[in-house]
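The values are calculated or read from the model by the stated rules, or taken from the named source; none is laboratory data. Keep in mind that what you see is a predicted model, and the values were worked out from it rather than measured. Virtual Cβ from ideal backbone geometry, glycine too; neighbours counted across all protein chains shown. These accessible areas exclude ligands, DNA and RNA; they are computed on the full protein's heavy atoms, side chains included. Shrake-Rupley method; radii C 1.70, N 1.55, O 1.52, S 1.80 Å.
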Amino acid sequence: MRFHFPLYSSSSFSLFSNFTSISSLPLIFSSSHFSTFISMAPAFEPVSPPHQEAEPQTATPHHTDTVNNFGNDGQVVGSKSKVTVVGSGNWGSVAAKLIASNTLKLNSFHDEVRMWVFEETLQTGEKLTDVINKTNENVKYLPGIKLGKNVIADPDLDNAVKDANMLVFVTPHQFMEGICKRLVGKVRGDVEAISLIKGMEVKMEGPCMISNLISEQLGINCSVLMGANIANEIAVEKFSEATVGYRDNREIAEQWVKLFSTPYFMVTPVQDVEGVELCGTLKNVVAIAAGFVDGLDMGNNTKAAIMRIGLREMRAFSKLLFSSVRDSTFFESCGVADVITTCLGGRNRKVAEAFARNGGKRSFDDLEAEMLQGQKLQGVSTAREVYEVLSHRGWLELFPLFATVHEICVGRLPPSAIVEYSEKKPRLSLLEDPACYQ
């Protein structure tokens, strides 16, 4: 008998039934450059487009001291913030490009943007860092795109961060614990951080979000930025949106919005770090499932069903882990928009499609090495980490899509299992209790 996940009827349980209606969300216009586009920013998080503080400067770095002293309008008073991007892959290079275009225009930032590069030797025998600084282009991970002459590649992590008071973390999530350990005692006490990293660490005491890992190990505040952001499209300046998740300080959030916003990249702040970050993390698991569907030529109806079920499981998992997660966050760019774009065009979908077309006979490690040219998959490792949480807490039967994705990835089930009926009766009692969200 076929037709996967029968537990999601409209009357099954209240956990998956309380999404905010799209029609109830107010609409605001985006930047004037793209006035025909409409954002889904909730009314409780209004955002105005970033203004130009001064005429563009030359690429000569400023030399004033950096202190985080934010005024009521989010401006840095009497000082300039200095930004370092920790990571230089595809998305890290695009982030550096966005940031560098704004630091030249905004008087509250130093012009220079440092970008830490994990040093590699290219086939030409040259060091990647040297080539980036010579050509102003990351020829391995973002070829053909100029980053901005004020982007300086630095292979020395300690040196890259030593003067910065705004750190942008954008590396594969599996490397972050090691990076944080290297940075203990090396960053300034007034540093603000933001994570663009989609993933989490699973520890004995439970799951740890990357923003929490950064905050706990380095003793600094960490916001997050997630969204429907396929890096190569943003690199050529196609219109996109993103969501900044912050905790308490709206002024800090506005600084991040200004640092990333351009006429083609619209950023909205939301006071929901865990919700924003979990959306960015879990959507990669859904994208793996969508790739299986594509690899088996199951069609658009099946793919749409997988995306819908995946979004429901994302919301359920997020709210079980953090009761503070807002329903409205799932209507931001980090939520439904990111699920859609990643299931249509991301690297996780692409490699999962190849995995299914090969009948699961080639490993994800082999396919990643062949297809991604040094880039890393996030969905497979995240599926494993989610599975560990579900197994430890007795939630496997509540999240059949997440569980099935992992079991296919490790070879316990064939790719076709993504739509096969499970004979196990779902155990709903845990989620039927409204107190689980209190």
Check: Of the residues in the stretch 226-280, how many are open to solvent by 40 Å² or more (accessible area, probe 1.4 Å) and over 17 Å from Thr342 (Cα atoms)?
Finding: 10
Margin query: Every residue in the stretch 85-111 that is under 10 Å from Val151 (Cα atoms) and open to solvent by 20 Å² or more (accessible area, probe 1.4 Å), please.
Written below: Lys97, Ser101
Item checked: In the stretch 177-204, the residues that are surrounded by fewer than 23 Cβ atoms within 10 Å (Cβ to Cβ) and closer than 14 Å to Gly92 by Cβ -> Ile179
Check: Within the set of pairs 6 or more residues apart or between chains, which connect a residue that is under 19 Å from Asn348 (Cα atoms) and open to solvent by 30 Å² or more (accessible area, probe 1.4 Å) inside the stretch 409-423 to a residue that is modelled with pLDDT of 95 or more and assigned to a helix (DSSP H, G or I) with Cβ atoms less than 6 Å apart?
Finding: Leu413/Glu407
Check: Which of the residues belonging to the stretch 112-142 are open to solvent by 50 Å² or more (accessible area, probe 1.4 Å), charged (D, E, K, R) and over 18 Å from Thr171 (Cα atoms)?
Finding: Glu126, Lys127, Asp130, Lys134
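Determine, yes or no, whether Ile306 is touching a residue at least 24 places away in the same chain (Cβ under 8 Å), more than 20 Å from the chain's Cα centre (by Cα), part of a helix (DSSP H, G or I) and closer than 24 Å to Glu241 by Cα.
Against the criterion (touching a residue at least 24 places away in the same chain (Cβ under 8 Å), more than 20 Å from the chain's Cα centre (by Cα), part of a helix (DSSP H, G or I) and closer than 24 Å to Glu241 by Cα), Ile306 qualifies.
Would you check which residues across the stretch 164-176 are open to solvent by 10 Å² or more (accessible area, probe 1.4 Å) and farther than 19 Å from Ile99 by Cβ and list them?
Within the stretch 164-176, Pro172, Gln174, Phe175 qualify.
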Notebook entry, point to check: Looking only at helices (runs of 4 or more DSSP H) that fall completely inside the stretch 355-438, which ones have 3 or more residues that are modelled with pLDDT of 90 or more, of a type outside the set (A, V, I, L, M, F, W, C) and closer than 17 Å to Lys283 by Cα?
Noted result: 379-393, 400-409
Notebook entry, point to check: Could you list, in sequence order, the residues of the stretch 261-288 that are assigned to a strand (DSSP E or B) and either among the small types (Gly, Ala, Ser) or out of contact with any strand residue (DSSP E or B) (no Cβ under 9 Å at 6 or more places or on another chain) (or both)?
Noted result: Thr262
Checklist line | When residues of the stretch 294-317 are limited to those that are of a type in the set (Gly, Ala, Ser) and over 16 Å from Thr404 (Cβ atoms), the one least open to solvent (accessible area, probe 1.4 Å) | finding: Gly299
Notebook entry, point to check: Quick one: in the stretch 266-303, which of the residues that are touching an Asp or Glu at 6+ places or on another chain (Cβ under 6 Å) and of a type in the set (A, V, I, L, M) is nearest to Ile197 (Cα to Cα)?
Noted result: Val270
Check: over 25 Å from Met209 (Cα atoms) and either in contact (Cβ under 8 Å) with a residue 60 or more places away in the chain or basic (Lys, Arg) (or both): does that describe Gly295?
Finding: yes
Margin query: I need the full set of residues from the stretch 106-149 which are of a type in the set (Phe, Trp, Tyr) and touching a helix residue (DSSP H, G or I) at 6+ places or on another chain (Cβ under 7 Å), in order please.
Written below: Phe109, Trp116, Tyr141
Next item on the list: Just need a number here: residues in the stretch 209-233 that are assigned to a helix (DSSP H, G or I) and more than 21 Å from Thr329 (Cβ to Cβ).
Entry: 6
Notebook entry, point to check: Restricting attention to the stretch 242-260, does a residue exist that is within 24 Å of Leu147 (Cβ to Cβ) and assigned to a loop (DSSP other than H, G, I, E, B)?
Noted result: no
Next item on the list: Go through the stretch 318-334 and give me each residue that's in a helix (DSSP H, G or I), acidic (Asp, Glu) and buried (at least 23 other Cβ atoms within 10 Å of the Cβ).
Entry: none
Notebook entry, point to check: In this structure, does Lys238 turn out to be modelled with pLDDT of 95 or more, among the charged types (D, E, K, R) and more than 26 Å from Ser381 (Cα to Cα)?
Noted result: yes
Note to self: Testing Tyr264 on (1) under 25 Å from His173 (Cβ atoms); (2) in contact with a Lys or Arg (Cβ under 8 Å, 6 or more places away or on another chain), one condition comes back false. Which one is that?
What the structure shows: (1)
Notebook entry, point to check: Since Gly189 meets every condition but one in (1) within 17 Å of the chain's Cα centre (by Cα); (2) part of a loop (DSSP other than H, G, I, E, B); (3) farther than 22 Å from Glu385 by Cα, which condition does it not meet?
Noted result: (1)
Margin query: Give all pairs with beta carbons closer than 8 Å in which a residue from the stretch 354-369 that is loosely packed, with under 13 Cβ neighbours inside 10 Å meets a residue that is part of a loop (DSSP other than H, G, I, E, B); count only pairs at least 6 apart in sequence or on separate chains.
Written below: Gly359/Pro414
